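In what follows, a single structure is set out as structure tokens and then discussed.
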Amino acid sequence: MIDVPIYDMSGRQTGSMQIDEAALGGRVRPKLIKQAVVAYLAAQRQGSARTRSKSMVDGSTRKLFRQKGTGNARMGQVRTPIRRGGGVTFAKLERDFRKPMPKKARRLARNSAILAKIRDNDALILDPITLTGPKTRELAKAFKAVGADRGCVLALGEANEVLYKSGRNLARTEIRPINELCAYEVIRRKKLVFTKSAFETLLADPATLGGAKVAQG
């Protein structure tokens, strides 16, 4: 069991909660995390760049003039890439850059990233968060008090409009429901901050957060 400290908004530690390392996979898997990060970034690529090759350009395929005897350079059809208006030699086609990765592997990579944050003392629980409305300044002060002002992911138990609006303008800050987190988002920022409800959700079913079981080992 490992402890995750609990801080209030003033930066004072008020307690801690425990989580079993085995529930998060038992060990950190750097190669699996890298695979998940590569797959995530590949999926962000648009892949819609497109140009037309010689076969896609409109125009006759007839040779413009005979090969010899005209005094001109040797010339083929009007669609040749060496003429203005012709096709592109190495035309770009639409591509799908996505790298398939099994759902169980993605979840295990996310849990491994969470375990790495906890082991490195870069994870904490912020409770209670007392905001009566969207208050960016107050949330920023709380992050600074707990040492998360240089970049953090705030994991929520469920969607919270007040917290989202309070943190969306903060630099290097992500606000996500915990069941939407991926390995890339966990390791991208220096600190991982849980609300108490988010950490309880993690404790309840860390392998899936509500989905199918993740194979351990």
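The values are calculated or read from the model by the stated rules, or taken from the named source; none is laboratory data. Fair warning: this is a prediction, and the values are worked out from it, not measured in the lab. Cβ coordinates were reconstructed from backbone atoms using ideal geometry, including for glycine residues, and neighbour counts include every protein chain displayed.
Of the residues making up the stretch 6-36, those that are under 16 Å from the mean Cα position of the chain (by Cα) and closer than 26 Å to Leu163 by Cα number 0.
None of Leu192, Leu209, Leu154 is in contact with a Ser or Thr (Cβ under 9 Å, 6 or more places away or on another chain), modelled with pLDDT of 95 or more and either under 26 Å from Val38 (Cα atoms) or not assigned by TED's automatic domain parsing to the domain that holds Arg29 (or both) except Leu154.
Within the stretch 82-96, does at least one residue satisfy the condition of being under 30 Å from Tyr40 (Cα atoms), surrounded by 12 or more Cβ atoms within 10 Å (Cβ to Cβ) and charged (D, E, K, R)? Yes - at least one qualifying residue is present in the stretch 82-96.
Counting residues in the stretch 55-71 that are over 30 Å from Val186 (Cα atoms) and not in a loop (DSSP other than H, G, I, E, B) gives one or more.
Yes or no, residue by residue, for (1) of a type in the set (A, V, I, L, M, F, W, C); (2) surrounded by 17 or more Cβ atoms within 10 Å (Cβ to Cβ); (3) outside any loop (DSSP other than H, G, I, E, B):
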residue	(1), (2), (3)
Val4	yes, yes, yes
Met9	yes, yes, no
Gln18	no, no, yes
Ala22	yes, no, yes
Gln35	no, yes, yes
Ala39	yes, yes, yes
Ala49	yes, no, no
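Residue selection: Leu64 satisfies the criterion of being among the hydrophobic types (A, V, I, L, M, F, W, C), modelled with pLDDT under 90, surrounded by 12 or more Cβ atoms within 10 Å (Cβ to Cβ) and over 30 Å from Ala145 (Cα atoms). Out of the residues in the stretch 51-60 that are surrounded by 14 or more Cβ atoms within 10 Å (Cβ to Cβ) and either among the aliphatic types (A, V, I, L, M) or on the phi < 0 side of the Ramachandran plot (or both), which is nearest to the chain's Cα centre (by Cα)? The extreme case among them is Arg52. Those strands (runs of 3 or more DSSP E) of the stretch 99-217 in which 3 or more residues are more than 19 Å from the chain's Cα centre (by Cα) and either without any contact (Cβ under 8 Å) to a residue 60 or more places away in the chain or crowded, with 16+ Cβ neighbours inside 10 Å (or both) occupy 123-126.
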